[in-house]
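Structure, as structure tokens:
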Amino acid sequence: MTQALVSQFDVGLFDLDGVCYLGQEPVVHAPESISAAVGMGLKQAYVTNNASRHPAVVAAQLEALGIPAPADSVVNSAQVGSQMLAEHVEPGSKILVLGAQALRDEVTARGLVVVESADDHPAAVIQGFYPEANWADLSEAALAIRAGALYVCTNLDKTIPRERGLMVGNGSLARAISNSTGVEPLSAGKPEPEIFQIAAKMLEARSPFAIGDNLDTDIQGAVSAGMPVLHVLTGLASARDICLAPAHQRPTYLADDLRAMLEPYPDSGGDGPQAWVGEAHARWTGSAFEVGTIGDDDGLVRRLGADPVELNLNQYRSLALSAWGAADSGVSVSEISAALPEITVSRDHE
Ligand SMILES: [Mg+2]
């Protein structure tokens, strides 16, 4: 494989936080890498669980950071949730919306009627992230659900990242309603596969791939949608987290940052807990991981201990394959975890 990884695909479904931006700042190498990928013919979409902001607002924010984002390139869970609602209820049905104006607009755009009270006998309740929600709003939704309304959430994120840390997310607010009603919601957001499938359909994708930072939303969702997925280390999950990922949360491609999608992806192979990627190799000895470069003397093979290590990109990739192979061949997660130090992935020594 000598072509850029991205040339295998026609559409990229990018996550936002930790992939495109972090707070108010662009993620390192994101603007120029996405611009270059688009220049090579990739169609880009930005797929977000956040249902509280209009897609056009998000697109404008990306553009301001130097990331190419046409107004219709943002797909959020309000769009997908409203689409799910429309597939479950009759056209013109009444919907109790617990969410921001952006969500109410999406529901209306699908020919459904927004109502304010359980006394209006809504056919469904849809709940999106809505910082203004209070006890009365949650109770109104609970009354409607108890009376038989379908319960849909735009996403079930437990937390939402803010400048000061992790705040209470939509999924945690939804717990209050499902606790009090005994009814579990359908969810439109990651890690459910629908958001990837509907976004790919909206873009008429033939060979889409996803790009994300978060194992239990982006990666799990793409895997369950059957879509190849590239992981970048610029957000939530660390290199060590990747090595410890369970099978349903393992990315197809491992990267440090978005530059890797413009580069050829190396060949790889191996046998269980022995793996090689490009020129790098890693293996599980039965009690430790060893990482090295093919052709090096044994003396240059590093045995990982408790101290943090710095690996190059292919060494990291081979270590992850080795750790997954070890887990799949019966080595316990606690044993693998104990053998893995903190890992920094660096291009400095290549
Ligand atoms: Mg993210």
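The values are calculated or read from the model by the stated rules, or taken from the named source; none is laboratory data. In this text the structure is predicted, and so the values were computed from the model without any measurement. Note: ideal-geometry Cβ built from the backbone for every residue, glycine included; neighbour counts use all protein chains shown. Ligands, DNA and RNA are excluded from the accessible area calculation, which covers all protein heavy atoms including side chains. Shrake-Rupley method; radii C 1.70, N 1.55, O 1.52, S 1.80 Å.
Above 20 Å, the calculated P(r) of the stretch 266-345 contains 22 percent of its Cα-Cα pairs.
Heavy-atom surface analysis with a 1.4 Å probe gives the stretch 266-345 a carbon and sulfur content of 47 percent of its accessible area. Size of the stretch 78-187 from its Cα atoms: along the principal axes, largest to smallest, the extents are 42, 27, 20 Å.
Quick one: if the Förster radius is 45 Å, what FRET efficiency do Val301 and Ala176 give, using the C-beta to C-beta distance and rounding to 0.05? That pair, Val301 with Ala176, gives E of 0.25. Taking only the C-alpha atoms of the stretch 192-277, the Rg (one decimal) and the largest Cα-Cα distance, Dmax (whole number), read 13.3, 41 Å.
Note on the stretch 1-150: Cα Rg divided by 2.2 N^0.38 Å, N the number of residues, gives 1.26. Only alpha carbons enter this Debye calculation for the stretch 207-350, each as an equal point scatterer, and the log10 of I(q)/I(0) it gives at q = 0.09, 0.12, 0.14, 0.15 Å⁻¹ is -0.24, -0.44, -0.61, -0.70.
Hey, can you find the accessible area per residue of the chain for me, probe 1.4 Å, expressed in square angstrom? In whole numbers, the chain has 44 Å² accessible per residue.
What are the semi-axes of the equivalent ellipsoid of the chain, taken as the square roots of 5 times the eigenvalues of the Cα gyration tensor, listed largest first and rounded to whole Å?
41, 23, 16
Proximity of backbone amide H atoms, modeled 1.01 Å from N, is registered between Thr159 and Gly169 at under 5 Å, excluding neighbours fewer than 5 places apart on the same chain. Taking the centroid of alpha carbons for each part, the stretch 213-228 and the stretch 131-199 are 20 Å apart.
Under 5 Å from the amide H of Leu340 lies no amide H of any residue 5 or more positions distant or on a separate chain, with H modelled from the backbone and absent for Pro and chain starts. Under 10 Å, Cα contacts only: if you run a Gaussian network model on the chain, which one of Gly81, Gly189, Gly235 comes out with the highest mean-square fluctuation? Its mean-square fluctuation being the largest, the pick is Gly235.
For the stretch 23-104, the orientation-averaged shadow of the C-alpha convex hull comes to 6.5 nm² (one quarter of the hull surface). With a cut-off of 8 Å between alpha carbons and a minimum separation of six or more residues, what is the relative contact order of the chain in percent? Relative contact order of the chain: 16 percent.
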